[in-house]
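Read through the structure below, which is laid out as structure tokens, and then see the notes.
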DNA sequence: GACCAGGTGCCAG
DNA sequence: CTGGCACATGGT
């Protein structure tokens, strides 16, 4: 091991594990997780409350903090990617995307931080979600010795601060939803662990009862924190992709979702992630003009230009 | 400045 | 059930 040690905290033990068919960089930048920061040609962050530094060199994963079992589980190194890829081999466009994203894995994220983070996601770009997530961690999360990225704040903490405070983190209109959801969870009114024993449909319905969580966000949570690998979150990008796959046009986002599941098979959520990544990174293959379903708000043209512009500081 | 971002909630017809 | 709009913020 020749990388620079991030620090010398005694609790950070180093180690290395094999990771065939894994692309750490691709996985951490695919829009499923938002708190890993590039450092020393690797990434620093945390897995739940465990501070961690990770760096990949070919088929080896070097780490400080955590342990091999924790890391293998978090990055889902046990998923059989060739099996998953082959599950869509009958659909050329998807198969191409899957092959182009070789090594991208759908991780197993801690429930609460995944749920809370995706409440932040509506009408935000991946880079912005990252900003908000880090602002919340810095402001209200537990400091972890060994990583400059704090843990995600507990629900009870977020429930105890004001909506104003949350808006200070750049959350905008999402602040109220995050606060109220935090309250529902920290009060014991809503139990995230219960969902894991429920079927996907029931779990989705339960998630959608929380403020700020609609079908799309619920699907992200089911896919990224409950390992429901067949679930397809339909956002602007996936909407464009699926629309481009067929001539007949869909009437609703939900119909597109069913179409996606049928088309992409038992690992539709995984394949969706490949398509999402490709659509987002391959420039202008999917025109933004196309009115995609259920996501493009039409801002009122009559609304007056905000006077807030005047008080803009700096 | 206009446009857009891993949408949701609410309300009218 | 469907269509239309408001909701905050920041980057290109």
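Check segment A:214-226 and report whether any residue there is more than 25 Å from residue A:107 (Cβ to Cβ) and touching a helix residue (DSSP H, G or I) at 6+ places or on another chain (Cβ under 7 Å).
First, pick out the residues of segment A:214-226 that are more than 25 Å from residue A:107 (Cβ to Cβ): none.
So far as segment A:214-226 goes, no, none of its residues is more than 25 Å from residue A:107 (Cβ to Cβ) and touching a helix residue (DSSP H, G or I) at 6+ places or on another chain (Cβ under 7 Å).
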Query - Scan of segment A:204-240 for residues that are under 24 Å from residue A:80 (Cβ atoms) and in a helix (DSSP H, G or I), ordered by number - result: A:219, A:220, A:221, A:222, A:223, A:224, A:225, A:238
Query raised in the report: List, please: which pairs have Cβ atoms under 7 Å, are six or more places apart or on different chains, and start with a residue in segment A:171-187 that is within 11 Å of DNA strand B (Cβ to nearest atom) and end with one that is assigned to a helix (DSSP H, G or I)?
Result: A:174/A:119; A:176/A:163; A:177/A:119; A:181/A:119
Query raised in the report: Would you call residue A:130 assigned to a helix (DSSP H, G or I), more than 13 Å from residue A:112 (Cβ to Cβ), more than 21 Å from the chain's Cα centre (by Cα) and within 16 Å of DNA strand C (Cβ to nearest atom)?
Result: no
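For segment A:154-170, which residues satisfy the criterion of being more than 19 Å from the chain's Cα centre (by Cα) and either away from DNA strand B (no atom under 16 Å from the Cβ) or within 18 Å of residue A:130 (Cα to Cα) (or both)?
Narrowing segment A:154-170 to residues more than 19 Å from the chain's Cα centre (by Cα): A:156-168.
Within segment A:154-170, A:156, A:157, A:158, A:159, A:160, A:161, A:162, A:164, A:165, A:166, A:167, A:168 meet the criteria.
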Query - Tally of residues being more than 16 Å from DNA strand C (Cβ to nearest atom) and out of contact with any helix residue (DSSP H, G or I) (no Cβ under 8 Å at 6 or more places or on another chain) across segment A:142-188 - result: 10
Requested in this report: Kindly check whether there is at least one residue in segment A:260-267 that is under 24 Å from residue A:129 (Cα atoms) and either within 20 Å of the chain's Cα centre (by Cα) or within 9 Å of DNA strand B (Cβ to nearest atom) (or both).
Outcome: no
Report task. Determine which single condition residue A:240 fails, assuming it passes every other condition in (1) touching a residue at least 40 places away in the same chain (Cβ under 8 Å); (2) in contact with a helix residue (DSSP H, G or I) (Cβ under 6 Å, 6 or more places away or on another chain); (3) more than 14 Å from DNA strand C (Cβ to nearest atom). Result -> (2)
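Go through segment A:245-257 residue by residue and tally those that are assigned to a helix (DSSP H, G or I) and within 14 Å of DNA strand B (Cβ to nearest atom). Steps first, please.
Residues of segment A:245-257 assigned to a helix (DSSP H, G or I): A:253-257.
Within this subset, residues satisfying the condition of being within 14 Å of DNA strand B (Cβ to nearest atom) are A:253-254, A:256-257.
The qualifying residues number 4.
Residues to consider are A:75, A:34, A:118, A:43; find the one that is touching a strand residue (DSSP E or B) at 6+ places or on another chain (Cβ under 7 Å) and surrounded by 16 or more Cβ atoms within 10 Å (Cβ to Cβ). Talk me through it step by step, then tell me what you get.
Values: A:75 fails: touching a strand residue (DSSP E or B) at 6+ places or on another chain (Cβ under 7 Å); A:34 fails: touching a strand residue (DSSP E or B) at 6+ places or on another chain (Cβ under 7 Å); A:118 fails: touching a strand residue (DSSP E or B) at 6+ places or on another chain (Cβ under 7 Å).
Going through A:75, A:34, A:118, A:43 in turn, just one is touching a strand residue (DSSP E or B) at 6+ places or on another chain (Cβ under 7 Å) and surrounded by 16 or more Cβ atoms within 10 Å (Cβ to Cβ): A:43.
When you check residue A:147 against the structure, is it closer than 23 Å to residue A:222 by Cα and touching a residue at least 24 places away in the same chain (Cβ under 8 Å), yes or no? Lay out the reasoning, then the answer.
Numbers: closer than 23 Å to residue A:222 by Cα: no; touching a residue at least 24 places away in the same chain (Cβ under 8 Å): yes.
Considered against the rule, which asks whether it is closer than 23 Å to residue A:222 by Cα and touching a residue at least 24 places away in the same chain (Cβ under 8 Å), residue A:147 comes out as no.
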Report task. Residues that are closer than 29 Å to residue A:229 by Cα: find the helices (runs of 4 or more DSSP H) completely inside segment A:141-203 holding 3 or more of those. Result -> A:174-186
Query raised in the report: So which residues in segment A:188-199 are within 16 Å of DNA strand B (Cβ to nearest atom) and closer than 16 Å to residue A:118 by Cα?
Result: none
Query raised in the report: Any idea which of (1) surrounded by fewer than 20 Cβ atoms within 10 Å (Cβ to Cβ); (2) farther than 18 Å from residue A:50 by Cβ; (3) in contact (Cβ under 8 Å) with a residue 24 or more places away in the chain is the one residue A:106 doesn't satisfy?
Result: (1)
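All of the numbers you see were taken from the coordinates with simple rules; none came from a lab. These numbers come from a predicted model, not from an experiment. Positions of Cβ are backbone-derived with ideal geometry, glycine not excepted, and every protein chain shown enters the neighbour counts.
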